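Working notes, structure below.
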Amino acid sequence: MEYDFIKIERKWQKFWKDKKTFNVVINDKLPKFYVLDMFPYPSGAGLHIGHPLGYIASDIYSRYMRHRGFNVLHPQGYDSFGLPTEQYAILTGQHPIETTNINVKRYREQLDKIGFSFDWSREFRTSDSSYYKWTQWIFILLFNSYYNKKKGRAESIEKLISKFEKNGNENSDAYSDEEILKFDSKRWKNFSDEKKQEILLDYRLAFLSRIEVNWCEKLGTVLANDEIINGVSERGGFSVTKKKMLQWSMRIGAYAQRLIDGLESVNWPESIKEIQRNWIGKSVGTSIKFKVFKSDIKIEVFTTRPDTIFGATFLTIAPEYKSVNKLITPSTAQTALDYIKKSSLKSNRDRISNVKLISGVFTGSYALHPFSNEKLPIWISDYVIGDYGTGAVMAVPCGDQRDFEFAKFFKIRIIDIFDNIDISEKAFTQKDSFKLKNSSFLNGLNYNDSLKKVIEKLEKIGSGKSKINFKLRDAIYSRQRYWGEPIPIYFKNNIPYSLELSDLPLKLPEVKNYLPTKEGNPPLGNAINWAWDVNNRCVVNKDKIDNKKIFPLELNTMPGWAGSSWYFNRYMDSKNEDFFVGKKALEYWEDVDLYVGGSEHATGHLLYSRFWQKFLYDRNYLNKDEYAKKLINQGMILGLSAFIYRIKGSNKYISKNLIKKNDVEKVRVDISFVNNNNELDIKKTRDWMPEFKNANFILENEKYIVGRELEKMSKSKYNIISPDNICNQFGADTLRMYEMFLGPIEQTKPWNSKGVVGVHNFLKKFWKLYHKGGVFNVSKNNPSESSLKIFNKTIKKVKHDIESFSFNTCISSFMICINELTLLNCNSKKILSPLLVLISPFAPHISEELWSLMGNKKSISKEKFPSYDDSLLIENIKNYPISINGKMKFKKEFSYDLSSNEIESIILKDEKTKKFLKGENPKKIIVVKGKIINIVI
RNA sequence: GCUCGAGUGGUGGAAUUGGUAGACACGUUGGACUUAAAAUCCAAUGACCAUUGCGGUCGUGCGGGUUCAAGUCCCGCCUCGAGUACCA
């Protein structure tokens, strides 16, 4: 009987669907287990072989945990808002909803084909208004919250208002930017409503401000720091410049410390934790205030090395520094302003590529050293970043390499403050092994002592204090795009006001054109019905805005990460219309036990979602302040791209080994035109694209040989391998097993379809084992002791390997087990039935089929995972042959004691050992895996 | 530059965490069955030497060290990958 996987897989996929096998409900009698995948973004290219890698792993774990008796929640949905869908809509004139529908349908078909055990009853898309209603609600909650530094948690903005009414903001515990208008309660009460709202914007966790943003002209939108890679946009690779714009942001900085601390409590890969820590970038230092000579301005700098303060010879401020204009003196104004203008036009990429270029300009002003009162020139340079620290630094050439180079370049004084250390060539940046000199009251002290002393002194004279700085910036939240959640805000006299829960969802309006408007407005500016009627609480035509109760609505939409920052909570109760997640569901499912997804989200989704979780926890809407106990990162699968070589300026393509000295450019071709020997099918290539139609292919040995390179799989690189082909040719079970067999789950690895056969053969062998007097004629005989041993060893190994996500070695164990059982001709039901349960997380279809053929009525998914018999696993030393390490040295040490009886019986059995011992009594026998490795006398 | 991770046969990768390195699979070679091919099954497969015998030597990027014992631990290098980018 043939292993007809197509028939089998269709049958069981239908069965699971009809019986709703994997739909779960709250069951207080069973322990819960929540397994989550990062939900996919349904792009037009469909799934390639790399996407399911993580899904297969999490599916194996889900099925395993079901066998272990857990109530497993394993949901799936779609992250469907975002740039690519919108770009596609602009190109084709289709509505993004249509393309999303088409893409989702295709994704679903592909996912179903692989036999995942998702609970589809909980499916949603982030672009469903029933879902983004709650994304908008969370935004409003953030808008109406501030961060209480003293309590270390977010609170309602109402509490802050009542504090202002009582005490003003003099001693406020609220998190905000440093330089803020100070007021007492009396003054607060006299402020106009609008002024009050303006002030509150400085405290709200979601706030509007005019700030410097990363502007991407080609995409027509601003981008967050994590959406920029190497100075260009992550999507499209377009250039990014700095621009001041009125933007919504999130005060994620308030949570910086807690985002670091929280990492201690979760079982996430150390690499992800490290990336997040670096991104948040905590640094402990001191802030020092410098008075400006003949001015009332003070410049505050942040430094981690206040101990070097007597080496400071100048200050440097960023070109964007807030009071830069007041520092520029008439004599330097022209060159300074030119410099500022020039640096504002630089793109991020230029800034990065010119790191080594020293540039700057003197302001004409001087700052006064807090201790010596010496005049220090104030310079402007773009090596200082405007939005880190205070945007100003005290420059200590002898202790910082950049300051050193800057001072040398502009011939600024360098003071040597390190005793017996040569600083003629470069700065001395170590924090140990030095004693200070030329440093007044710090002379002779080392790093730790001088640090303590200088901070003490600074505090005493009111010129400085300890401070902690973070690299993490506020997260910019506005996107000038159409295909995202509308921000539920309207404007009255340019002051933003939030809608209320009963107003939601604020649905995305119809627009004629998805491109930003001429005036630079986002596409929502094209909507006719996009104004807010305060009285009737509804969206109306914006022509009526002059009416005193009709106000414009926010035109920006939310960024891609908004919808994905809380979706894991929604799955617990996705159909709830009254709240974002019901109380009962939350109490039962609590949090995600296992989260599987790519590490590329380390500084994006995985950070933002932790922030929102903590925020919602603070506001008492959630019970946990970390949402995922364990995280596994699946690695990328690389594809082997194919290249042909065009001789520059011609229509000739030269075979790889003939290139030699020709000046060629590489052109990608679809890998389906290339065979295993790297020969190109020229006919297919000609038919593929017009540019190749009349091309001249220069052959070697009558063949065109392509070049090959490993790259990330993507549609634009024509190197995609679709899981569909593997499923059709070998079956889903083979695909599942092979992807797991490929190597450790976290590793980046190239796809190589040659090995598929091996796994497929294993499944065929597995199928055969059951039919060889197995399934249809199961013997009633007790299994032999050897087969029981093999079987129990396999259970133990499989259990261990699944729990440690070592799926590749787990499959090896299966293969050994099947090979050995085949050899032993084992056909005992006592072994074969539980073996199906054991293997079913990996190959669910074939297992179900054999299970039913063996006459079992229940679906295998409901069966218990077999337990192993410990007594069968213990290996008796005496039953094993003795071997002695030939390189054995007779020394005194011991590492394993045996009773004298045992030693005797071993020695008596073996001639060779006796020869080695020469009649002496061994003191120690080192035994490993039941075999003697070494004997010590 | 800084931070983290990794280097094991022709290939993907094992090694119970210090205990017989190379499991399992791919590939290759030989054999069986076939008129033939495919499929299937069997055997060999780290390198070198000895193969009329059981065998021997060297081997986990390089150089040292600790240990009865090192792929694994320590010190110093080299190479590759990931993250980050003037963070004061």
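Read-outs throughout are calculated quantities, based only on the coordinates presented, and are distinct from any laboratory measurement. Model, not experiment: these values are computed from the prediction. Here Cβ is always computed from backbone atoms with ideal geometry, including for glycine, and neighbour counts include all displayed protein chains.
When each of the peptides A:848-856, A:387-395 is scored by the mean number of other C-beta atoms lying within 10 Å of its residues, the order from highest to lowest reads A:387-395, A:848-856. The C-alpha radius of gyration of chain A, expressed as a fraction of 2.2 N^0.38 Å, stands at 1.16.
Which of the peptides A:310-317, A:377-384 is most tightly packed, and how do the rest follow, judged by the mean count of other Cβ atoms within 10 Å per residue? Can you show the working numbers first?
On the way: A:310-317: 24.9, A:377-384: 22.0.
With the highest mean Cβ count within 10 Å placed first, the list reads A:310-317, A:377-384.
Stokes-Einstein diffusion for the stretch A:429-579 at 10 °C, viscosity 1.306 mPa s, with a Kirkwood radius from C-alpha pairs, works out to 78 µm²/s.
Once you have the Cα-Cα distance between A:D870 and A:N825, take 0.36 nm times their residue separation minus that, and quote the gain in nm to one decimal. Don't skip to the end; give the middle numbers.
On the way: separation 45, 0.36 × 45 = 16.20 nm, distance 2.38 nm.
Value of the extension gain: 13.8 nm.
Cross-link partners for A:K796 among the lysines, with Cα-Cα distance under 16 Å and sequence neighbours closer than 8 places in the same chain left out: A:K864. Remark: the A:S372-A:E587 segment gains 71.2 nm on full extension, using 0.36 nm per residue and subtracting the alpha carbon distance. Note that the stretch A:697-703 has calculated 3J(HN,Hα) couplings of 9, 8, 9, 10, 6, 6, 10 Hz, one per residue in order, obtained from phi through the Karplus relation 6.51 cos²θ - 1.76 cosθ + 1.60 (θ = phi - 60°); glycine and proline are x.
Within the P(r) computed for the stretch A:545-596, what percentage of the Cα pairs occupies the region above 19 Å? Don't skip to the end; give the middle numbers.
Details: 667 of 1326 pairs.
When every Cα pair of the stretch A:545-596 is considered, 50 percent fall beyond 19 Å.
Reducing the stretch A:109-133 and the stretch A:820-848 to their Cα centroids gives an inter-centroid distance of 32 Å. Exceedance of the 27 Å cut-off in Cα-Cα distance is limited, within the set A:K11/A:K575; A:K189/A:K492; A:K113/A:K717; A:K289/A:K614; A:K322/A:K346, to A:K11/A:K575; A:K289/A:K614.
By per-residue mean of other Cβ atoms within 10 Å, what is the highest-first order of A:558-571, A:712-725, A:131-144, A:624-637? Let's see the in-between values first.
Working: A:558-571: 24.6, A:712-725: 16.8, A:131-144: 22.1, A:624-637: 20.1.
Order by mean packing, descending: A:558-571, A:131-144, A:624-637, A:712-725.
Close amide H contacts of A:V664 (hydrogens built in the peptide plane, cut-off under 5 Å, sequence separation of 5 or more or a different chain): A:K648.
Antiparallel beta bridges, as assigned by DSSP with both residues in chain A, represent about 80 percent of the total such bridges. The Cα-based radius of gyration of the stretch A:524-670, divided by its Kirkwood radius, gives an Rg/Rh of 1.26. Counting only residues at least eight positions apart within a chain, or on another chain, the aspartates and glutamates with an alpha carbon under 13 Å from that of A:K32 are A:E587, A:E590, A:D591, A:D593. Shown here is the pair-distance distribution of the stretch A:150-266: with all Cα-Cα distances grouped in 10 Å bins from zero up to the longest one, the shares run 11, 32, 28, 21, 8, 0 percent. Extending 7 Å from the Cα toward the beta-carbon at both A:D533 and A:Q430 defines two label points whose distance is 7.6 nm. Cα centroids of the stretch A:475-505 and the stretch A:138-194: how far apart, whole angstrom? The two parts, judged by their Cα centres, are 22 Å apart.
Please report the net charge: other residues with Cβ closer than 13 Å to the Cβ of A:S641, K and R +1, D and E -1. Before the final figure, lay out each step's value.
On the way: positive: A:K666, A:R668, A:R708, A:K712, A:K715, A:K717; negative: A:D670, A:E709, A:E711.
Neighbourhood net charge equals +3.
Computed over the Cα atoms of the stretch A:125-198, what is the convex hull's projected area averaged over all directions, in nm²? Computing the convex hull of the Cα atoms and averaging its projections yields 6.4 nm².
Based on DSSP H segments of at least four residues, each scored -39500 (n - 2.57), chain A has a per-residue ellipticity at 222 nm of -10000 deg cm²/dmol. The angle between the Cα long axis of helix A:756-771 and the main principal axis of chain A comes to about 40°, on a 0 to 90 degree scale. Computed from backbone phi with θ = phi - 60° and the Karplus coefficients 6.51, -1.76 and 1.60, the 3J(HN,Hα) list for the stretch A:325-336 is 5, 6, 8, 7, 8, x, 5, 10, 3, 4, 5, 5 Hz; x is used for glycine and proline.
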